[in-house]
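J.: Take this structure, written in structure tokens, and hold onto it; I'll ask about it next.
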Amino acid sequence: MNETLMFITGPIIAAFATWFFAKRKTAAEAASLELSNTAKIITMWRELSTGMELRFKDEVAQLRKDNYDLETKVKVVEAENEALLKKMRAMEEENTKLIIQLTIFNQTNPQKDKVNLNKEDAL
């Protein structure tokens, strides 16, 4: 009976020991694989972030340059607008003086063909 018990318990104990150590080895391999995958993911994210940082850095620099160019153009247009407004005001003053002179001329020269003083016709 001892022999039979030895034949049965020996393989059972060996199977249990194999299972126990294999379980520990599998757990260690899984943890190692997980750490390896995590390191790969970190490397991928680092490369992506570096690429994005360079791309966005270039894009931001281009946007700043475009913004500066547009601000310069706006300042030029504002200066041109201001100059045109000054010219327009000077012309309005001159036009007013000419209308006054035409009115005086028409009053002093009672002729048949008087000069029309309508602003719409003068334009």
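J.: Which of the listed residues, T38, N106, A15, is farthest toward the dipole's positive end in the chain, when Lys, Arg count +1 and Asp, Glu count -1 at the beta-carbon?
T.: Positive-end residue among those listed: A15.
J.: I've got another one for you. Using helices alone, what [θ] at 222 nm do you get for the chain, with -39,500 (n - 2.57) per DSSP H run of 4 or more residues, divided over all residues and rounded to the nearest 500?
T.: Here the helix-only value at 222 nm equals -34000 deg cm²/dmol.
J.: Also: When the chain is treated as a GNM, springs tying every alpha-carbon pair under 10 Å, which of L84, L63, L102 comes out with the largest mean-square fluctuation?
T.: Highest fluctuation of the listed residues: L102.
J.: Taking only Cα atoms, what is the 0 to 90° angle, nearest 10, from helix 2-108's long axis to the longest principal axis of the chain?
T.: So the inclination is approximately 0 degrees.
J.: Okay, moving on. By how many nm would the segment from A90 to V74 lengthen if fully extended, with 0.36 nm per residue of separation less the alpha-carbon distance?
T.: Once the chain is fully extended between A90 and V74, it gains 3.3 nm.
A short reminder: the numbers here are calculations on the coordinates, not readings from a lab. It should be emphasised that the depicted structure is a prediction, and the values quoted were computed from it without experimental measurement. So basically every Cβ, Gly included, is an ideal-geometry build from the backbone, and we count neighbours across all protein chains shown.
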